[in-house]
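The values are calculated or read from the model by the stated rules, or taken from the named source; none is laboratory data. What you see is a predicted model; the values in this text were computed from it and never measured. We place every Cβ from the backbone using ideal geometry, glycine too, and count neighbours over all the protein chains shown.
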Amino acid sequence: MEYMSQEGYDKLVEELRQMIHEELPKVKDAIAEARDKGDLSENFEYHAAKREQARLLSRIRFKQNVLKYARVMDKSRLNSDSIALLSKVEMTNLTTGAKMNYTIVSPHEANLREGKISIKSPIGQALLNKKAGDTIEVAVPAGLLKLRIDKVDL
């Protein structure tokens, strides 16, 4: 079972809809067009279109499986005292003094550019169940990160 926000669930549903109703028909048209060109054994366009179809069908099955086991979190039932899924966290890097703002999300919603980090990432794991004022140390590929949690919100 995978817990996620309503926003993340809706985004996955839209991506799946787009793949099934827009991308898949285009790939099927490309296969039909390439098939019309004759000998399939040496038809690069046909084989490329078939590979794209297989890749797309694999992505569709994966997203369908994620949605099958997804459960949308009800924010009103969450505790805002400690860090959990969907918590918004303001932190300070104690080494550099840099301020960071992140939302803890499911791995399928993670997007660093949007300030969303996975609950399964090293930082996400280290933040779980911590409160404002706590200090944590996290081993990341760049080394050891020392962070102070300044604020926790929903």
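Some values worked out for this structure:
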quantity: Verdict on LEU94 being without any contact (Cβ under 8 Å) to a residue 12 or more places away in the chain and more than 22 Å from the chain's Cα centre (by Cα); calculated: no
quantity: Pick from region 94-144, criterion in a helix (DSSP H, G or I) and not polar (S, T, N, Q), ranking: surrounded by the most Cβ atoms within 10 Å (Cβ to Cβ); calculated: LEU127
quantity: Filtered residue count, region 1-55, keeping only those that are surrounded by 12 or more Cβ atoms within 10 Å (Cβ to Cβ), touching a residue at least 40 places away in the same chain (Cβ under 8 Å) and not basic (Lys, Arg); calculated: 14
quantity: Test result for LEU85, surrounded by fewer than 16 Cβ atoms within 10 Å (Cβ to Cβ), in the same structural domain as GLY133 (by TED's automatic domain parsing) and within 15 Å of the chain's Cα centre (by Cα); calculated: no
quantity: Helices (runs of 4 or more DSSP H) wholly inside region 1-77 containing at least 3 residues that are more than 26 Å from GLU109 (Cα to Cα); calculated: 24-35, 44-69
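Yes or no, residue by residue, for (1) farther than 15 Å from GLN6 by Cα; (2) within 15 Å of the chain's Cα centre (by Cα); (3) at pLDDT below 85:
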site	(1), (2), (3)
GLU22	yes, no, no
ASP36	yes, no, yes
ARG51	yes, no, no
SER58	yes, no, no
SER80	yes, no, yes
HIS108	no, yes, no
GLY115	yes, yes, no
ILE119	yes, yes, no
